[in-house]
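Working notes, beginning with the structure itself.
Computed from the coordinates by the stated procedures, all read-outs in this text should not be read as laboratory data. Model, not experiment: these values are computed from the prediction. All Cβ positions, glycine included, derive from the backbone under ideal geometry; neighbour counts span all protein chains shown.
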Amino acid sequence: MKFLLPTLLLTATASAHYTFPALIANGAATPAWQYVRKTTNYQSNGPVTDVTSTQIRCYELSPGTAAPQTMTVKAGDSLGFTAQSSISHPGPLMFYMAKVPESKTAATWDGAGSVWFKIFEQGATISSAGMAWASQGKSQVTVPIPKSLPSGEYLFRVEHIGLHSASAAGGAQFYISCAQIKVTDGGSGSPSPLVSFPGAYKASDPGIQLNIYYPVPTSYTPPGPRPWTG
């Protein structure tokens with residue numbers, strides 16, 4: 001019986017983790033990993049914790065492993081991901097996109113370089129009772145694609161950061177997926193600013209390393225650039 005408690009704690013911790021396995025387009029969820037690159041944690045559900053690792057980009061299995069299909073959507077459509085089983089940790093939700101170079105396709109491009117721009121971020125509601133996170137407990141998260149986004153193929157990236165143990169550097173937990181999409185009926189916008197993964201974050205960034213419990217922070221800004229809204 002002396003091993004029962006550690007086993008139970010390990011099981012509880014693992015069950016609290018999550019993945020983003022399926023794309024949601026205009027309210028309908030696709031099969032898991034059909035348009036989403038299969039992540040390294042597709043079985044373990046464990047997070048990325050090193051912001052200097054290339055896994056912070058899309059957290060995918062070895063490049064080229066069972067490349068998913070590319071979904072066609074329209075600029076202005078609602079797009080998102082399912083969370084399996086749900087977003088159980090407190091922390092910010094963000095969506096990024098990166099336009100695939102003309103010489104590449106979404107299925108063959110790795111997303112390297114200063115090519116990523118943020119289109120949405122959701123921080124915390126702060127009161128004397130603490131920090132509340134709108135995404136916590138959700139099993140689906142979506143965002144509208146900016147109507148002025150130029151047509152073309154893109155990587156579409158969701159990121160949720162678990163901040164429950166983020167008081168020390170390396171304690172934040174990053175849950176990430178990238179889907180492959182082709183945007184049609186786009187506009188002439190110029191998304192900016194552009195950042196790279198890795199490179200956009202430091203482990204010591206105030207939106208990544210902080211104690212969210214005590215003393216209760218008086219403000220919170222998600223890490224990375226501010227969103228481009230088109």
> Against the longest alpha carbon principal axis of the chain, how many degrees, from 0 to 90 and to the nearest 10, is the axis of helix 4-15 turned?
Replying inline: 20 degrees
> If you put +1 on each Lys and Arg Cβ and -1 on each Asp and Glu Cβ, how big is the dipole of the chain around its Cα centre, in Debye rounded to 20?
Replying inline: 100 debye
> Once you sort the root eigenvalues of the Cα gyration tensor of segment 130-183 as a ≥ b ≥ c, which label holds: rounded (a/c under 1.5), prolate (a/b larger than b/c) or oblate (the other case)?
Replying inline: prolate
> Straight-line reach from LYS99: which lysines have Cα under 16 Å away, leaving out those fewer than 8 places along the same chain?
Replying inline: LYS74, LYS118, LYS147, LYS182
> Going by how many other Cβ atoms sit within 10 Å of their own, how do ILE176, ILE24 line up, fewest first?
Replying inline: ILE24, ILE176
> Length gain on complete extension for the stretch SER86 to THR218, per 0.36 nm per residue less the alpha carbon to alpha carbon distance?
Replying inline: 44.8 nm
> For the chain, what is the percent of antiparallel DSSP beta bridges, rounded to the nearest 5?
Replying inline: 90 percent
> Of the trypsin sites (Lys or Arg not before Pro) in segment 64-125, which ones lie in a loop per DSSP and count no more than 16 other C-beta atoms within 10 Å?
Replying inline: LYS104
> Want the number for SER78 to SER188: 0.36 nm per residue separation, take away the alpha-carbon distance, what's left?
Replying inline: 37.7 nm
> What spacing in nm lies between the two simple spin-label points modelled at THR105 and HIS164, each 7 Å away from Cα in the Cβ direction?
Replying inline: 4.1 nm
